[in-house]
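Structure, as structure tokens:
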Amino acid sequence: MDVELGDRSSVEVALGDRVTLRLAQPVTGHEWDVAVEGRLIVLDDILEPAATGAPGATAQRVVTVGVNGPGTAVAQLKRGWETGFLERREIEVLVDGAPW
């Protein structure tokens, strides 16, 4: 399932599915830091370059998450040398028919 992170607060999938999170990432020194909790695992995390090399162009952070059970994915837009963040997004991953 492909999800623009920020479009919704939760998604329901089957056990063993993969969820692909897409985040627009400005090329201004900020990066999305994605962490998962619960029974989720990050399978892939890539940065697709902006369509143009123009200053301020927007790239795309694409994170694929494996679903071994319910959990939460949290993304924070920040600069690596700063402790705070500019933006935060969160999505809860629910598993259809899971006993937990």
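Starting from segment 81-100, keep only residues that are under 16 Å from V67 (Cα atoms), then list their pairs with residues that are aliphatic (A, V, I, L, M) and at pLDDT below 85 whose Cβ atoms are within a distance under 7 Å, requiring at least 6 positions of separation or different chains.
Between residues of segment 81-100 that are under 16 Å from V67 (Cα atoms) and residues that are aliphatic (A, V, I, L, M) and at pLDDT below 85, the close pairs are I91/V3; I91/L5.
Quick check on T52: is it farther than 11 Å from I91 by Cβ, of a type in the set (V, I, T) and without any contact (Cβ under 8 Å) to a residue 24 or more places away in the chain?
So T52 fits the description; yes.
All but one of (1) touching a strand residue (DSSP E or B) at 6+ places or on another chain (Cβ under 7 Å); (2) touching a residue at least 24 places away in the same chain (Cβ under 8 Å); (3) on the phi < 0 side of the Ramachandran plot hold for A57; which doesn't?
Single failed check for A57: (1).
Select from segment 3-48 the residues that are outside any strand (DSSP E or B), acidic (D, E) and surrounded by 13 or more Cβ atoms within 10 Å (Cβ to Cβ) and list them in ascending order.
Residue satisfying the conditions is D17 alone.
Any residue in segment 83-95 that is at pLDDT below 90, polar (S, T, N, Q) and within 14 Å of G6 (Cβ to Cβ)?
No, that holds for no residue.
Got a number for residues in segment 58-97 being small (G, A, S) and either assigned to a loop (DSSP other than H, G, I, E, B) or more than 17 Å from I46 (Cβ to Cβ) (or both)?
5
Does T72 fit the bill of being of a type in the set (S, T, Y) and surrounded by 14 or more Cβ atoms within 10 Å (Cβ to Cβ)? Let's see the steps before the verdict.
On the way: of a type in the set (S, T, Y): yes; surrounded by 14 or more Cβ atoms within 10 Å (Cβ to Cβ): yes.
In short, yes.
State whether the residues of segment 49-57 include one that is assigned to a strand (DSSP E or B) and either modelled with pLDDT under 95 or out of contact with any Gly (no Cβ under 9 Å at 6 or more places or on another chain) (or both). Full working, then the answer.
Our first condition is that a residue be assigned to a strand (DSSP E or B); within segment 49-57, this holds for none.
Checked segment 49-57: no residue is assigned to a strand (DSSP E or B) and either modelled with pLDDT under 95 or out of contact with any Gly (no Cβ under 9 Å at 6 or more places or on another chain) (or both).
The values are calculated or read from the model by the stated rules, or taken from the named source; none is laboratory data. Just so we're clear, the structure is a prediction, and the values are computed from it rather than from any experiment. Methodologically, a virtual Cβ is constructed for each residue, glycine included, from the backbone with ideal geometry; neighbour enumeration extends over all protein chains shown.
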